[in-house]
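Q: One structure is given below, represented as structure tokens, and several questions about it will come after.
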Amino acid sequence: MLTAYLTHPDCERHQMGPDHPECPERLAVLNDHLLIKGLLDCMQAEEAPEVTDEQLLRVHCGLWLAQLQALSPASGYARLDADTLVNAYTLRAARRAAGAAVRAVDLVMSGQAPNAFCAVRPPGHHAKRSTGGGFCFFNNAAVGVAHALAVHGVQRVALVDFDVHHGDGSEDIWAGDDRVLLCSSYQHDLYPFRDAAPPASNVVLAPLPARSGGGAMREAVSQHWLPALQRFEPELLVISAGFDAHREDDMGNLGWSESDYQWVTEQLLQQARASARGRIVSCLEGGYSLSALARSAGAHVRVLVEA
């Protein structure tokens, strides 16, 4: 069996204007890098389907779905917030991105793939139950988690987020739900400006100071995430994989390198092997320096491919 690689051309048709960091080229450079490194030859390509309303409504309210539909313009752009715009193709791209997570869960839980990587955009981890923002519209990873719980009989899912920004949307959806363990690392002085106090016992936060480097992340993961994951014994790991903590990415200032992404992926894979038969679904979140994104995601994907 090969690692599943899920994407769709619709994900590149969503745009938010010239010079916006969350741009279609993110997927193009990632795909090219994986091709050049020979990783795509070791993966099974899967087309991301559109998510259904039933699948979305497990984590989002119907009013938000209707509002986003009403906001979608026939041409040009509509503005959701100061940094998040909608074009005529945004809704379809967002449906593909969330649908990729659902399909990836199906593939992994049915044994058709050992693990999966969803190369999709727009990202999702800032999308809350009743609103979007921060470049996000539907919470792709959360949709995947909910699908595993509802359809595959999974009792415990870990949602792990190593984006430079905290996944406040995932927290809004899952805080207090004991079926899900949410682990999040992030730069504490960045959007959405989350403090260190967890809102519920199933949320494990690892805020990191600016310029702390990969060593601080490794220490935090070892002290906080890994013991919590070992106690929880997830049957599936879903990753919100953001690569904007890289030292070349000016969205943040944590100073990570490709080796740090490799290391954290290896730790998560070890837990997946211990309690989840190796089952991991990874969904692309941030990462805006194109070269750094490609190299970092490549390091992450290589661990999954070689698992």
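Values quoted throughout were computed directly from the atomic coordinates according to the rules given, and no laboratory measurement underlies them. On a predicted model such as this, the values are computed, not experimentally measured, just so you know. Note that each Cβ is placed from the backbone with ideal geometry, even for glycine, and that neighbours are counted across all protein chains shown.
Q: Could you check how many residues of the stretch 69-90 are assigned to a helix (DSSP H, G or I) and buried (at least 21 other Cβ atoms within 10 Å of the Cβ)?
A: Matching residues across the stretch 69-90 total 1.
Q: Any chance you could count how many residues in the stretch 24-41 are more than 17 Å from S296 (Cα to Cα) and of a type outside the set (D, E)?
A: Within the stretch 24-41, residues that are more than 17 Å from S296 (Cα to Cα) and of a type outside the set (D, E) number 1.
Q: Where residues in the stretch 155-196 are aromatic (F, W, Y) and crowded, with 24+ Cβ neighbours inside 10 Å, which of them is nearest to C283 (Cα to Cα)?
A: Only one residue tops the list, namely F162.
Q: Report the residue count in the stretch 160-191 for those that are closer than 14 Å to P123 by Cβ and touching a Ser or Thr at 6+ places or on another chain (Cβ under 8 Å).
A: Within the stretch 160-191, residues that are closer than 14 Å to P123 by Cβ and touching a Ser or Thr at 6+ places or on another chain (Cβ under 8 Å) number 6.
Q: Return the residue satisfying two criteria in turn: it lies in the stretch 159-218 and is of a type in the set (S, T, Y) and over 19 Å from the mean Cα position of the chain (by Cα), and of such residues it is nearest to Q230 (Cα to Cα).
A: The selected residue is S201.
Q: Something else now. Name the residue, out of L34, L27, that is under 18 Å from F135 (Cα atoms) and either touching a residue at least 60 places away in the same chain (Cβ under 8 Å) or of a type outside the set (F, W, Y) (or both).
A: That would be L27, the only listed residue that is under 18 Å from F135 (Cα atoms) and either touching a residue at least 60 places away in the same chain (Cβ under 8 Å) or of a type outside the set (F, W, Y) (or both).
Q: Moving to a separate point now. List every residue pair whose Cβ atoms lie under 7 Å apart, where the two residues are 6 or more positions apart in sequence or sit on different chains, the first residue falls within the stretch 227-249 and is within 30 Å of S289 (Cβ to Cβ), and the second residue, located anywhere, is crowded, with 24+ Cβ neighbours inside 10 Å and aromatic (F, W, Y).
A: Cβ pairs passing all conditions: A241/F162; G242/F162; F243/Y261; A245/W256; H246/W256; R247/W256.
Q: In the stretch 30-66, how many residues are out of contact with any Ser or Thr (no Cβ under 6 Å at 6 or more places or on another chain), closer than 28 Å to W174 by Cβ and assigned to a helix (DSSP H, G or I)?
A: 9
Q: On to the next question. If I ask for residues that are of a type in the set (A, V, I, L, M, F, W, C), touching a Gly at 6+ places or on another chain (Cβ under 7 Å) and within 23 Å of A78 (Cβ to Cβ), which ones from the stretch 133-150 would you list?
A: If the condition is that a residue be of a type in the set (A, V, I, L, M, F, W, C), touching a Gly at 6+ places or on another chain (Cβ under 7 Å) and within 23 Å of A78 (Cβ to Cβ), then C136, F138 are the ones that fit.
Q: So, restricting to helices (runs of 4 or more DSSP H) that lie completely within the stretch 147-256, which ones have at least 1 residues that are more than 23 Å from R279 (Cα to Cα) and of a type in the set (A, V, I, L, M)?
A: In the stretch 147-256, the matching helices (runs of 4 or more DSSP H) lie at 213-220.
Q: Oh, and also: Among the residues of the stretch 33-52, count how many are more than 20 Å from the chain's Cα centre (by Cα) and surrounded by fewer than 15 Cβ atoms within 10 Å (Cβ to Cβ).
A: The total comes to 4.
Q: Does the stretch 229-243 contain any residue that is of a type in the set (S, T, Y), crowded, with 24+ Cβ neighbours inside 10 Å and either in contact with a strand residue (DSSP E or B) (Cβ under 7 Å, 6 or more places away or on another chain) or under 20 Å from N31 (Cα atoms) (or both)?
A: Yes - at least one qualifying residue is present in the stretch 229-243.
Q: Scan the stretch 244-259 for residues that are out of contact with any strand residue (DSSP E or B) (no Cβ under 6 Å at 6 or more places or on another chain) and buried (at least 24 other Cβ atoms within 10 Å of the Cβ) and jot them down.
A: Within the stretch 244-259, D244, D249 qualify.
Q: Oh, and also: Limited to the stretch 178-201, what total is found for residues that are among the aliphatic types (A, V, I, L, M) and over 15 Å from S240 (Cβ atoms)?
A: 4
Q: Just to be sure before I move on: is V59 in contact (Cβ under 8 Å) with a residue 40 or more places away in the chain, surrounded by fewer than 24 Cβ atoms within 10 Å (Cβ to Cβ) and out of contact with any Asp or Glu (no Cβ under 7 Å at 6 or more places or on another chain) in the structure I sent?
A: no
Q: Next up: Look at the stretch 99-119 and say how many of its residues are touching a Cys at 6+ places or on another chain (Cβ under 9 Å) and either among the polar types (S, T, N, Q) or within 23 Å of G62 (Cα to Cα) (or both).
A: 3
Q: It is to be established whether one or more residues within the stretch 131-144 are within 22 Å of M1 (Cα to Cα) and in contact (Cβ under 8 Å) with a residue 24 or more places away in the chain.
A: Checking the stretch 131-144: at least one residue is within 22 Å of M1 (Cα to Cα) and in contact (Cβ under 8 Å) with a residue 24 or more places away in the chain.
Q: Could I ask something else about it? Identify, please: which residue in the stretch 270-292 is in a helix (DSSP H, G or I) and in contact with a helix residue (DSSP H, G or I) (Cβ under 6 Å, 6 or more places away or on another chain) and is, among those, farthest from S222 (Cα to Cα)?
A: Taking the candidates together, the pick is L290.
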